[in-house]
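Enquirer: Take a look at this one; I'll ask things after.
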Amino acid sequence: MPAITNDTVQKVWDMLATVADPEVPVLTILDLGIVREVKVSGTGENEKIEIIITPTYSGCPAMDMIRMNIRLVLAEEGLKNYTLTTVLSPAWTTDWMSEEGKQKLKAYGIAPPNPQQNVCTPELFQQEEAVQCPRCESWHTHRISEFGSTACKALYQCDDCREPFDYFKCH
Amino acid sequence: MNTSLVKYILHLGDTTLILAQQNSKWCGHGPVLEQDIALTNISLDLLGQARNFYQYAAELMNENEKSTKDFIQSLGMQTDEKITEDILAYHRKERFFFNLLLTEQPNGDWGQTILRQFLYSRFQYYLYEKLQEHPDTQIAAIAAKSIKETTYHLRWSSEWVIRLGDGTAESHERMQNAIDNLWPYTGEMFLPADFEADVKIDFSGLKNKWLDAVTSIVKQATLSLPENENKVYMHTGGKEGRHTEHLGYILTELQYMQMAFPGANW
Ligand SMILES: [Zn+2]
């Protein structure tokens, strides 16, 4: 029995791996760490699947679309007996982003998040994080703004190649 | 259904919704593009937090019990439709909004908007620190999720208070005016409403923590709190649905589409 269950779980994970993030389409929702768990109960006709997801930021406008895209992919695969649950706890963190995801981000021109560090505390005027330019790999960069084009990004500029770039900020 | 708890959740959601709505009016009008984007990002976070609270309140309000129906009616809403986050935001009148008066105060100039965010974010941070341990696990989860966002808001707004207060004579004067204008709306944060009786929070401890932090940043900004700041007359009533004249205008704009075309969707 567990073997069958695992099979289903694996199949669902494979389907979810094809769902892209609408705002950063090079990342899948698995790269982002949005999918927390796939649970299966019962067997055969009574098999029920629960997919548990969590938002990146409370106001992330992509969440509604991500839910819809998950439903579309599962519908295409003929999967019907499932529930899609959104949980808030534990709160999402950039530490859940996959290594592969970080590489894809960099190749796309967005600096991937550093591991969580002191910038996640309320202390003022903190030393900026050393963020590597995704284009020329220089570490001589500076922050233009802690808030960027989407909730999850900050705006940086490279002091060597002079290109401005997005940094997927640690959270 | 525990009506005090639901009212408390609405109070938390209304406060973040109204502040989000006020801040969002700066979209396209910020002093520079980066700060325009910063404030709209903050709005988006606050709006998301409001949605989380409303979704949870709606879930609790959809119990099919007479007392729940009575409660919904007591908030001026109809009981024949399913309560949703949108119904809570768009179908409630001013008298049944329980947000803090501070959040509905006008944007004024950039200084006043910054100061309003600063006073609230400081409070939100210390409050949510406590709410993370709330016995209701969903409230605790929303607080734990939100506080990570609030950390950014409070850092951003505090740094701007210091920059502007300790900036030019003009920016200093504007920040000082903002303090004098908004201070009378801060007392309400620490006066528990009836529905907060069950929320096991030490409001006087919270106030001391908040006041210490605010005082220290105001000093760093070379600004000053109003003289005898503890004796300033404090406006209250927001938590009970008694609002300043500003909320009516805010809701008129926010609810316009659903009032004109009920149930409109796209
Ligand atoms: Zn570069």
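The values are calculated or read from the model by the stated rules, or taken from the named source; none is laboratory data. Predicted, not measured: the structure shown is a model, and the values here were computed from it. Every residue, glycine among them, receives a Cβ derived from its backbone with ideal geometry; neighbour counts consider all protein chains shown. For the accessible areas, the whole protein counts, side chains as well, though only heavy atoms, and no ligand, DNA or RNA atoms are used. Shrake-Rupley method; radii C 1.70, N 1.55, O 1.52, S 1.80 Å.
Enquirer: At q = 0.15 Å⁻¹, what is the log10 ratio I(q)/I(0) for region B:28-132, with the Debye formula run over Cα points and no solvent?
Expert: Taking Cα atoms of region B:28-132 as identical point scatterers yields -0.80.
Enquirer: On to the next question. Could you sort B:Tyr120, B:Tyr125 by their accessible area in this structure, using a 1.4 Å probe and putting the largest first?
Expert: Values: B:Tyr120 10, B:Tyr125 35 Å².
Of B:Tyr120, B:Tyr125, the descending order of accessible area is B:Tyr125, B:Tyr120.
Enquirer: Right, something else. Assuming a ≥ b ≥ c are the square roots of the Cα gyration tensor eigenvalues, decide whether region B:73-141 counts as rounded (a/c under 1.5), prolate (otherwise, with a/b larger than b/c) or oblate.
Expert: Numbers: a/c = 3.08, a/b = 1.29, b/c = 2.39.
Oblate, because a/c is 1.5 or more while a/b does not exceed b/c.
Enquirer: May I pose another question? Compute the signed sum of charges (Lys and Arg +1, Asp and Glu -1) over the other residues within less than 15 Å, Cβ to Cβ, of B:Ala264. It would help to have the intermediate numbers written out before the result.
Expert: Values: positive: none; negative: B:Glu81, B:Asp86.
Net of charged neighbours comes to -2.
Enquirer: Tell me which of B:Gln132, B:Gln117, B:Gln35 sits at the most positive position along the dipole axis of chain B, charges placed on C-beta atoms (Lys, Arg +1; Asp, Glu -1).
Expert: B:Gln132
Enquirer: Oh, and also: If you build a Gaussian network model of chain B, linking Cα atoms that sit under 10 Å apart, which residue out of B:Thr151, B:Thr236, B:Thr15 swings the most?
Expert: Checking each option, the largest mean-square fluctuation is seen for B:Thr151.
Enquirer: Would you mind checking the radius of gyration and Dmax of the protein assembly as shown based on alpha-carbon positions, in Å?
Expert: Taking only Cα atoms of the protein assembly as shown, I get Rg and Dmax of 23.1, 75 Å.
Enquirer: In Å, what Rg and Dmax follow from the Cα atoms of region A:8-92?
Expert: Calculated on Cα positions, Rg and Dmax stand at 12.6, 38 Å.
Enquirer: Ignoring everything but the protein chains, give the 1.4 Å probe accessible area of A:Cys136 in square angstrom, nearest 10.
Expert: Its heavy atoms expose roughly 60 Å² to the probe.
Enquirer: Compute the separation of the alpha-carbon centres of region B:40-81 and region A:135-153 and state it in Å as a whole number.
Expert: Answer, in whole Å: 38.
Enquirer: Helix-only estimate, please: 222 nm mean residue ellipticity of chain A, summing -39500 (n - 2.57) across DSSP H runs of length 4 or more and dividing by its residues, to the nearest 500.
Expert: Working: 4 runs with 44 residues, N = 171.
Calculated mean residue ellipticity at 222 nm is -8000 deg cm²/dmol.
Enquirer: Starting from the Kirkwood Rh over alpha-carbon pairs, what translational D in µm² s⁻¹ does region A:48-91 have by Stokes-Einstein at 10 °C and 1.306 mPa s?
Expert: 141 µm²/s
Enquirer: Might you report the magnitude of the Cβ-based charge dipole of region B:3-260 about its Cα centre, with Lys and Arg at +1 and Asp and Glu at -1, to the nearest 20 debye?
Expert: Computed charge dipole of region B:3-260: roughly 180 debye.
Enquirer: Keeping all protein chains in place and using 1.4 angstrom, which order do A:Arg135, A:Arg71 fall into by accessible surface area, from largest down?
Expert: Details: A:Arg135 130, A:Arg71 110 Å².
Reading off the accessible areas and sorting them downward yields A:Arg135, A:Arg71.
Enquirer: If you don't mind, there's one more thing I want to ask. Which residue, B:Leu39, B:Leu75, B:Leu88, has the most motion in a Gaussian network model of chain B that connects Cα atoms within less than 10 Å?
Expert: Highest fluctuation among the options: B:Leu75.
Enquirer: Any idea of the total accessible area buried by the B-A contact, 1.4 Å probe, rounded to 100 Å²? Display every interim value, and only then the final one.
Expert: Details: alone 12900 and 9740 Å², together 20070 Å².
Buried area between the two chains comes out at roughly 2600 Å².
Enquirer: Now for a separate question. Please report the net charge: other residues with Cβ closer than 15 Å to the Cβ of B:Asp198, K and R +1, D and E -1. Working shown, then result.
Expert: Values: positive: B:Lys7, B:Lys130, B:Lys200, B:Lys239; negative: B:Glu133, B:Asp136, B:Asp194, B:Glu196, B:Asp202.
Residues near B:Asp198 contribute -1 overall.
Enquirer: Okay, moving on. Rg to Rh for region A:102-168: what is it, with Cα atoms only and Rh by Kirkwood? Don't skip to the end; give the middle numbers.
Expert: Working: Rg = 11.4 Å, Rh = 12.1 Å.
Using only Cα positions, Rg/Rh for region A:102-168 is 0.94.
Enquirer: Another one. If all Cα-Cα distances of region A:76-131 are sorted into 10 Å bins from 0 onward, what percent lands in each bin, rounded to whole numbers?
Expert: 16, 31, 31, 14, 6, 1
Enquirer: Also, quick follow-up: Can you sort B:Tyr90, A:Tyr167, A:Tyr108, A:Tyr82 by 1.4 Å-probe accessible area, starting with the largest? List each step's numbers first, then the result.
Expert: On the way: B:Tyr90 70, A:Tyr167 0, A:Tyr108 110, A:Tyr82 40 Å².
Correct descending sequence by accessible area is A:Tyr108, B:Tyr90, A:Tyr82, A:Tyr167.
Enquirer: Based on DSSP H assignment, which helices of chain B show an axial Cα extent of at least 15 Å together with a mean Kyte-Doolittle hydropathy greater than or equal to 0.0? Could you put the intermediate results ahead of the total?
Expert: Values: long enough: B:3-24 (31 Å, 0.34); B:33-61 (41 Å, 0.11); B:110-131 (30 Å, -0.44); B:137-165 (40 Å, -0.05); B:169-182 (20 Å, -1.12); B:203-220 (25 Å, -0.04); B:246-260 (21 Å, 0.27).
Answer set is B:3-24, B:33-61, B:246-260.
Enquirer: If the rule is a partner Cβ under 4.7 Å, which cysteines in the protein assembly as shown fail it?
Expert: A:Cys60, A:Cys120, A:Cys152, A:Cys170, B:Cys27
Enquirer: Given all pairs of different Cα atoms, what value in angstroms does the Kirkwood hydrodynamic radius of chain A take? Write down the numbers at each step before the final one.
Expert: Numbers: mean 1/r = 0.0568 Å⁻¹.
One over the average 1/r among Cα pairs gives 17.6 Å for chain A.
Enquirer: Residue by residue, what Karplus-based ³J(HN,Hα) values in Hz, rounded to whole numbers, does region A:70-84 have, using 6.51, -1.76 and 1.60 with θ = phi - 60° and x for Gly and Pro?
Expert: Residue by residue, region A:70-84 yields 4, 4, 5, 4, 5, 5, 4, 7, x, 8, 10, 7, 9, 10, 10 Hz.
Enquirer: For chain A, with the dipole built from +1 on Lys and Arg beta-carbon atoms and -1 on Asp and Glu ones, taken about the Cα centre, which of A:Trp13, A:Val73, A:Leu155 lies farthest toward the positive end?
Expert: A:Val73
Enquirer: Continuing with this model, one more query. Return the single residue from A:Gln126, A:Gln157, A:Gln103 with maximal mean-square fluctuation; model: Gaussian network over chain A, springs between Cα atoms under 10 Å.
Expert: Among A:Gln126, A:Gln157, A:Gln103, the largest mean-square fluctuation in the Gaussian network model of chain A belongs to A:Gln126.
Enquirer: Once the principal axes of the Cα atoms of chain B are found, what is the range along each, listed largest first in whole angstroms?
Expert: 59, 41, 32
Enquirer: For region A:31-40, just list the computed ³J(HN,Hα) in residue order, Karplus coefficients 6.51, -1.76 and 1.60, θ = phi - 60°, integers in Hz, with x standing in for Gly and Pro.
Expert: 4, 6, x, 6, 7, 9, 7, 10, 10, 10
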